[in-house]
Amino acid sequence: MFAPFDLAAGWVQEHLLLPLLYQLGWMRWEDLAFGWALFAVYGAFQVAITFAVCMPLEHWRPVERWPDAKAVTVDVLYTVISRVGILPLLTFVAFYQIQVALNGYLTDHGWVPPTLELLFPSLIGQQMLTFVLYVMILDLSEYWRHRLSHMFGWWYALHSLHHAQRQMTFWSDDRNHLLDEVIGFLWFTAVALLIGIPPMQFPLLVLLLRFLESLSHANVRLSFGWLGERLLISPRFHRAHHGVRGAGRGSRNYGGVLPWWDRLFRTADFSPDYVPTGDPSAPEALATGGYLMQQRAGIGRMARALGKPARPDAKRSA
């Protein structure tokens, strides 16, 4: 099943990464090169699949048409960096190294590394069910990470880069500040380690979740119907989260893949409207600036927000 990815990663490692590491004098990282290459290949495959599915949808029934979509171009750069560039090194290689080190430490001190199977022995041998539970637990944790990022002013100052886009497309999913990405990685990794996700299942989980999240950002008039929208987040459901009236602490629909948590915690909005997107309070640089300008603007906004007390987000009925 994974042979094509392994072969592609081997080619990237041999012909691109190792020569680059040699030229830079970084051969001490040679052992990590294949892991980095493998996840980059996964990321490239993910981008290709996302493009093949979402681009026709956006041409079919777009919510908006823009005479100038220049602001979308920088989102493409974010996607390449996040899924094929440096961030795969953090997402896969760092996770693997942390898990190996943690499990080794626990074992040396007579403790059993945590796993779902340890908590629920009936899951032993039930790989598909365990995988589904991984998805549910990670999505629940992402709901709370996302909701908290709207509750604290300094955190939302970073996250507002994601919300500032007025021309939201499937490319916008990866439009995040680097510091926000680091926080998200640490959060996601902590949960993944607590439930003992195997290293080789980790990229598959990321692949699945990120594809569904990209679809939910697509500029397409697409709803899954009354029942479907209560099972899986649609582009219409998530667009309400990016609406101009809901930016900041007053937002709703925080879920990434499953709307269950929004219903459970009373933050769901199933209204049929396709609202305009963007954050009117964000500096213009966050909306239309280049990559480096947006990163600087995010830092500046966070610096201004530090020290301000957090306020609870507005509760909304499901």
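The values are calculated or read from the model by the stated rules, or taken from the named source; none is laboratory data. Bear in mind that the values here come from a model prediction, so they are computed numbers and not experimental data. Here the Cβ positions follow ideal geometry from the backbone for every residue, glycine too, while neighbour counts run over all protein chains shown.
Residues are listed down the side, and each one gets a yes or a no for (1) modelled with pLDDT under 90; (2) among the β-branched types (Val, Ile, Thr); (3) within 18 Å of Leu193 (Cα to Cα):
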position	(1), (2), (3)
Pro67	yes, no, no
Pro88	yes, no, yes
Thr91	yes, yes, yes
His109	yes, no, yes
Met128	yes, no, no
(request) Search segment 34-62 for residues that are closer than 18 Å to Glu14 by Cα and pair each with any residue that is not in a helix (DSSP H, G or I) when their beta-carbon atoms are under 6 Å apart and the residues are at least 6 apart or on different chains. (result) Ala40/Val84; Ala44/Val84
(message) Please verify whether Gly104 is more than 24 Å from Glu213 (Cβ to Cβ) and surrounded by 18 or more Cβ atoms within 10 Å (Cβ to Cβ), treating the condition exactly as stated.
(response) no
(request) Determine whether segment 190-207 contains at least one residue that is touching a helix residue (DSSP H, G or I) at 6+ places or on another chain (Cβ under 7 Å) and either without any contact (Cβ under 8 Å) to a residue 24 or more places away in the chain or of a type in the set (Ser, Thr, Tyr) (or both). (result) no
(message) Need the failing condition index for Gln294 against (1) buried (at least 17 other Cβ atoms within 10 Å of the Cβ); (2) polar (S, T, N, Q); (3) in a loop (DSSP other than H, G, I, E, B), just the number.
(response) (3)
(request) From the list Asp108, Asp180, Asp173, Asp139, pick out the single residue that is among the charged types (D, E, K, R) and touching an Asp or Glu at 6+ places or on another chain (Cβ under 6 Å). (result) Asp173
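Any residue in segment 71-81 that is of a type in the set (Gly, Ala, Ser), surrounded by 12 or more Cβ atoms within 10 Å (Cβ to Cβ), at pLDDT below 85 and within 19 Å of Arg175 (Cα to Cα)?
Initial filter on segment 71-81 (of a type in the set (Gly, Ala, Ser)): 71.
Imposing the further condition that a residue be surrounded by 12 or more Cβ atoms within 10 Å (Cβ to Cβ) reduces the set to 71.
With the extra rule that they be at pLDDT below 85, the set shrinks to none.
No, the conditions are met nowhere in segment 71-81.
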(message) Which numbered condition in (1) farther than 16 Å from His159 by Cα; (2) assigned to a loop (DSSP other than H, G, I, E, B); (3) of a type outside the set (Asp, Glu); (4) in contact (Cβ under 8 Å) with a residue 60 or more places away in the chain is the only one that Leu232 fails?
(response) (4)
(request) Please find, within segment 4-37, the residue that is farthest from Val100 (Cα to Cα) out of those that are exposed (fewer than 11 other Cβ atoms within 10 Å of the Cβ) and modelled with pLDDT under 75. (result) Arg28
(request) Six or more apart or on different chains, Cβ under 7 Å: which pairs go from a residue in segment 169-187 that's farther than 19 Å from Ala71 by Cα to one that's hydrophobic (A, V, I, L, M, F, W, C) and at pLDDT 90 or above? Could you list them? (result) Leu179/Leu158; Asp180/Leu158
(message) Being of a type outside the set (Lys, Arg), modelled with pLDDT of 95 or more and within 27 Å of Phe131 (Cα to Cα): is that true of Ile233 here?
(response) yes
(message) I'd like the residue in segment 242-266 that is in contact with a strand residue (DSSP E or B) (Cβ under 9 Å, 6 or more places away or on another chain) and not in a loop (DSSP other than H, G, I, E, B) and, out of all such residues, is modelled with the highest pLDDT.
(response) Gly243
(message) Taking the conditions exactly as written (outside any helix (DSSP H, G or I), at negative phi and surrounded by 19 or more Cβ atoms within 10 Å (Cβ to Cβ)), does Val63 satisfy them or not?
(response) yes
(request) Report, by residue number, each residue of segment 179-227 that is out of contact with any Leu (no Cβ under 8 Å at 6 or more places or on another chain) and assigned to a loop (DSSP other than H, G, I, E, B). (result) Pro198, Pro199, Met200, Gln201, His217, Asn219, Arg221, Ser223
